[in-house]
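Participant: Got a structure for you, written out below as structure tokens; questions coming shortly.
The values are calculated or read from the model by the stated rules, or taken from the named source; none is laboratory data. Remember, predicted model here, so these are calculated numbers, not experimental data. Cβ: placed from backbone, ideal geometry, glycine included. Neighbour counts: every protein chain shown.
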Amino acid sequence: MRVGFYGFGAIGRLAARLALKRGYEVVGVVDIDKSILGKDVGDVLGVGSIGVKITNDISSLMGADVAIHATGSYLDRVFDQIVSIARLGVDVVSTCETLSYPYYRYPVLATRLDEIAKRYGVAIIGAGINPGFLFDTLVVTIAASLPAVKKIRVIRSLDAAKRREPFRKKVGVGEDPVVFGEKLARGEVTGHVGYAESIYLVALAGDLNLARVVEAQKPVPAEDPVESHGVRVEKGRNRGVIGYGSGYVGDEEIIRVEFHAYVGAPEYEEISIEGEDTSIVWRSSGTHGDLGTVSVVLNVAERIHTLPPGLNLITELLPFKIRFQR
């Protein structure tokens, strides 16, 4: 497979390393970071020269079978980037969280992107670990074994101390929790992005019409000093975030996803599905976020040629639907 990369930060580089390990041919890398422009991709990755230079010229992606796009979380900010790839006739797999189900926040941009993709004969899809797998695709896969689903609850819990520094900043580790909470409210920091998108993906897989979706996040102040994996948070400072998204039919909560990301948090995912006749509780020992993201992205990239031109959704890759009891 011939693959290109748009965005060569931490996720782009990790994906490129995995791509090379799998034997893919890297045909081009686009970025705006002046410190790496003109350098050989392999040298930046520390694997030795591969004869491909990093550039800010989008045409370097021409000839790729698929481009991995990894620059931002919000579709309105990366829309033009994705369109520029599509106009080259190259399929796109993007880590943009709100692209996983863009019809919620960006219905006009989603429609336009679908039209552009069809015009140029390319498939576009948003994918990753979350949204893209843990809160949605995996949930639908497990729920498919039940005759009818009444309610779904998902929890992902992770120790923020084990994550990259940019992630710890995103969840406000070490900050004043009041100040961080105000930043969350103003949108200056994101916390987790994609609660609603995951809920809508699950609802779509079960043809469930939601009346509304609610999202919220809050800081986790340290009641006592806490230390994990070399990261220490003093009493009264912020450990991270706890957030949730809830999907309602009428006044009844049907789908709920929770994200617990703070220093010292236990590591696990738990999916609880209440059925009409039986119920399931599935629990893991935790998933590595970055490795999980690039694995899902590249695994989807290997199948994107089977998708129709246009804007695709990750749960549509599944061979089955689920049924909600209504």
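Every residue, every condition in (1) more than 23 Å from the chain's Cα centre (by Cα); (2) in a loop (DSSP other than H, G, I, E, B), yes or no:
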| site | (1), (2) |
| --- | --- |
| ALA196 | no, no |
| ILE199 | no, no |
| VAL214 | no, no |
| GLU227 | yes, no |
| LYS235 | yes, yes |
| ARG239 | no, no |
| TYR248 | no, no |
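Participant: Taking the range 16-50 as the search range and keeping residues that are acidic (Asp, Glu) and assigned to a loop (DSSP other than H, G, I, E, B), which one is nearest to LEU298 (Cα to Cα)?
Facilitator: ASP31
Participant: Just to be sure I understand, how many residues within the range 124-158 are within 18 Å of the chain's Cα centre (by Cα) and surrounded by fewer than 21 Cβ atoms within 10 Å (Cβ to Cβ)?
Facilitator: Here the count works out to 4.
Participant: GLY89 passes all but one of (1) more than 18 Å from the chain's Cα centre (by Cα); (2) surrounded by 17 or more Cβ atoms within 10 Å (Cβ to Cβ); (3) not assigned by TED's automatic domain parsing to the domain that holds TRP282; which number fails?
Facilitator: That leaves (2) as the condition not met.
Participant: Further, regarding this structure: Which residues, counting only those in the range 199-245, are under 27 Å from ALA143 (Cβ atoms) and either loosely packed, with under 13 Cβ neighbours inside 10 Å or of a type in the set (Gly, Ala, Ser) (or both)?
Facilitator: ALA203, ALA205, GLY206, ASP207, ASN209, ALA211, ARG212, ALA216, GLY243, GLY245
Participant: Moving on to the next point. Take the range 169-194 and flag every residue that is surrounded by 19 or more Cβ atoms within 10 Å (Cβ to Cβ), farther than 19 Å from ILE314 by Cβ and under 18 Å from the mean Cα position of the chain (by Cα).
Facilitator: Once the filter is applied, which keeps residues that are surrounded by 19 or more Cβ atoms within 10 Å (Cβ to Cβ), farther than 19 Å from ILE314 by Cβ and under 18 Å from the mean Cα position of the chain (by Cα), the range 169-194 yields LYS170, VAL171, GLY191.
Participant: Okay, next question. Might you let me know whether the range 260-274 holds any residue that is part of a strand (DSSP E or B), under 19 Å from LEU204 (Cα atoms) and aromatic (Phe, Trp, Tyr)?
Facilitator: no
Participant: Just wondering, is there one or more residues in the range 34-50 that are in contact with a helix residue (DSSP H, G or I) (Cβ under 8 Å, 6 or more places away or on another chain) and on the phi > 0 side of the Ramachandran plot?
Facilitator: yes
Participant: Here's another thing I want to ask about it. Got a sec? Which strands (runs of 3 or more DSSP E) wholly within the range 51-143 have at least 1 residues that are more than 18 Å from TYR24 (Cβ to Cβ)?
Facilitator: The strands (runs of 3 or more DSSP E) meeting that bar are 123-126.
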